1. Would you order 68, 133 from fewest to most other beta-carbon atoms within 10 Å of each residue's own beta-carbon?
2. Could you list 151, 135 so that the one with the fewest beta carbons within 10 Å of its beta carbon is first and the one with the most is last?
3. Using packing as a proxy for protection, rank 153-164, 35-46, 119-130 so that the peptide with the highest average count of other Cβ atoms within 10 Å comes first.
4. Gain in length, residue 32 to residue 179, computed as 0.36 nm per residue apart minus the alpha-carbon separation, to one decimal in nm?
5. What distance in nm separates the two pseudo spin-label positions at residue 22 and residue 155, each 7 Å out from Cα along the beta-carbon direction?
6. Taking R0 as 25 Å, what FRET efficiency do you get between residue 43 and residue 191 from their Cβ-Cβ distance, rounded to the nearest 0.05?
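Rule-based calculations on the coordinates, nothing more; no lab input. Bear in mind the structure is a predicted one, so any value in this text is a computation, not a measurement. Here the Cβ positions follow ideal geometry from the backbone for every residue, glycine too, while neighbour counts run over all protein chains shown.
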C-alpha cells in the first residue's frame, strides 16, 4: 500500500513538473480546431506561378498536437533531472509515446468525424512527421521552442512545395493518404526526433535561449 501511494505521488510530481495539465488543455483546443476544419482545403500564398497554393487543412491542424506532445517533455526541474540517468529517459519515452498515441487518436477521430477517413489518415501521418520535427526542434533550441522546426517546415512546404498544380516529392504533407513514400518519410522524421531525444543531455546554460531549458 505504501509503495502504491509513493508511486502515485511520484506520478503526480512528474505530471506537475512536465506541464501535463497544460498539454491536456492544448490537446482539447487543438481537437476543437481539428473538428472545425475537418479535412477542408486551405488556400495560402505561395511562391509559384499561381501565387497561391491549395492544401488540406490536415497539413496545419497536426502541428499543435505535435508541439504540445514534444513540449510537454520540458520540466520545471530540468537542472535536477539531468542527473537522473536512464530511469528518467525511460519515463520520457513512455510519456512521449503516450502523448503521441493520444494525439493520434484525437486528431484522427476529430478529422474522420467531420471530414473523411482518408483525411484522418493524412492527419495522423502529418502528426508523426511534425512530432519528429518537434523533437529535433526541442533538442536544438530547448523544449519550450519545439514549435520552431514544425512551423518552419509548414512554411517551406506552403511556399515552395508545389508547382501550382502538383506537390513536389519532398512536400510530404501535401501527399494523399495512400502515398507510401510519405509514410516512410514521416517515420524517418520521427526516428530522427527520437534519436535526438536519446542523445545525452546538453549542459544547462540558463534561460537566455529558451523559456523551458533543454533537459
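1. Details: 68 23, 133 26.
The most exposed by this proxy come first: 68, 133.
2. Details: 151 17, 135 28.
Least crowded to most crowded, the residues run 151, 135.
3. Values: 153-164: 17.7, 35-46: 15.5, 119-130: 26.2.
Ranked by mean Cβ neighbours within 10 Å, highest first: 119-130, 153-164, 35-46.
4. On the way: separation 147, 0.36 × 147 = 52.92 nm, distance 2.72 nm.
Gain on extension, residue 32 to residue 179, equals 50.2 nm.
5. Simple spin-label model gives 2.2 nm for this pair.
6. On the way: r = 33 Å, r/R0 = 1.32.
After rounding to 0.05, the efficiency reads 0.15.
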